[in-house]
Each structure stands twice: as structure tokens, then as C-alpha cells.
1. Quick one: length gained pulling F28 to Q65 fully straight, 0.36 nm per residue minus the C-alpha distance?
2. Got the relative contact order for region 6-168 handy, in percent, Cα pairs under 8 Å and 6 or more residues apart?
3. So what's Rg/Rh here for region 120-169, counting alpha carbon atoms and using the Kirkwood radius for Rh?
4. For Q37 paired with E129, estimate the spin-label separation in nm (one decimal), with each label point 7 Å from Cα along the Cα-to-Cβ line.
5. Could you tell me whether region 34-105 comes out rounded, prolate or oblate from its Cα gyration tensor? Rule is a ≥ b ≥ c as square roots of the eigenvalues, rounded for a/c under 1.5, then prolate if a/b exceeds b/c, otherwise oblate.
6. Suppose only helical runs count, i.e. DSSP H with n ≥ 4. What mean residue ellipticity at 222 nm does that imply for the chain under -39500 (n - 2.57) per run, divided by all residues and rounded to the nearest 500 deg cm²/dmol?
Amino acid sequence: MNPAPNLILIGPMGAGKTCIGRRLAERFTLDFIDVDQAIVESAGASIPTLFELAGEAGFRQHERQVLQRLMAGRGQLVSTGGGAVLDAGNREAIARNGFVVYLRVSVQAQLERLARDKGRPLLQRPDREQVLQDLAFQRDPLYRQLADLTLDTDPYTATEATSHLVVRL
Ligand code: S3P
């Protein structure tokens with residue numbers, strides 16, 4: 001395994017960061033940390049409630065604080081939210097504190113995987129496909145720029161994707 005202090009998963013909603021992250025953490029005996037979950041615990045409110053009360057900007061502020069605090073830790077598998085890479089300070093903290101794995105997913109696969117999802121405020125609109133395309137256009141270059149390793153998750157279950165990563169890490 002790479003000697004970087006943490007293993008950090010980046011990528012869009014529906015790429016499987018949480019499911020794959022849990023499996024990888026177990027495989028490499030790392031502490032699993034989900035940044036969204038840490039935000040919910042620190043703010044005492046769900047992600048949809050945070051968006052409702054503080055808007056996306058308020059949510060991003062929580063995300064920045066929590067992510068940068070977590071990056072001080074070591075021996076962790078950190079699963080980030082899809083928009084964490086939007087902030088330059090977050091990108092710098094991610095790059096400095098871990099080996100970064102970009103879990104890629106196509107918009108088509110996202111639509112299938114997230115068809116019944118109610119927990120992601122950015123997707124609670126009728127034009128989901130357009131939203132996901134716009135996010136991919138904006139964020140894919142940022143994910144690529146940060147990635148030490150990229151895996152296209154479209155053809156795989158979480159278990160299969162984990163096996164592919166284990167041999168490459
Ligand atoms: C977001 C992704 C979500 C969550 C929030 C915003 C985004 O995390 O942080 O709903 O901007 O793409 P996941 O990528 O874990 O779904």
C-alpha cells in the first residue's frame with residue numbers, strides 16, 4: 001500500500017465513494033470517514049436541512065471546515081462529497097494529505113444509481129440529467145487534476161471496484 005498518510009476518495013455523487021470506501025478501509029485497516037456524515041454530526045442537521053437553512057454556500061462552509069479538520073488526521077480512508085473539490089483550499093489539503101483516488105462514473109450510470117435518491121439536494125429537480133452533465137463538465141477537470149489513480153466504476157459493483165483498486169494501490 002502507498003505510504004501516503006491517508007487514502008482519499010473523490011468523484012461525483014453515485015460513483016460509489018461510500019460503499020467502496022468502507023470496503024477499502026476494511027481491507028487496508030484504515031479508519032473509514034465519510035465527510036458528509038462528519039458534517040451532519042458537527043452541524044447537528046441533515047444535508048438537505050443544511051441546504052435549506054444555509055443554502056449551498058452555507059453547506060460548503062461546513063464542508064470546508066470539516067474536511068480541513070479531518071485532513072490533519074492520519075491512517076484514514078476519507079470519502080469526500082462530490083463538490084468538495086470546488087474549493088481551492090480543499091483541493092490543496094486533499095493533495096497534501098493523501099493518496100487520491102478518483103472514482104469516475106458516467107451521467108447515465110449516475111441517473112440509474114441515484115434514481116430514487118432523496119438525500120441529495122442538488123438532484124431534487126426535474127432536470128437531473130442536465131444538472132449532472134453541468135456538474136461533470138465543471139468538476140471532471142478538478143477531479144483529474146487531483147487524482148493519483150482513477151477508476152471508471154460504470155461496469156462494476158462496489159465489491160468488484162474494490163478488488164480492482166486493491167491490486168493497484
Ligand atoms: C454534493 C455531493 C454529496 C453531498 C452534497 C453535495 C455535490 O455527496 O456532499 O449533497 O455537490 O456533488 P456525495 O458525493 O457523497 O453524494
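1. On the way: separation 37, 0.36 × 37 = 13.32 nm, distance 2.67 nm.
Full-extension gain reported as 10.7 nm.
2. 35
3. On the way: Rg = 14.0 Å, Rh = 13.1 Å.
We get a ratio of 1.08 for region 120-169.
4. Roughly 3.4 nm, to one decimal.
5. Values: a/c = 1.82, a/b = 1.62, b/c = 1.12.
Since a/c reaches 1.5 and a/b is larger than b/c, the shape of region 34-105 is classed as prolate.
6. Numbers: 7 runs with 92 residues, N = 169.
Rounded to the nearest 500, it is -17500 deg cm²/dmol.
Every number in this text was worked out from the coordinates using simple rules, so none of it is lab data. The structure presented is a predicted model; accordingly, all values stated were derived computationally and were not measured. Quick reminder, even Gly has a Cβ in these numbers, built from the backbone with ideal geometry, and neighbours come from all protein chains shown.
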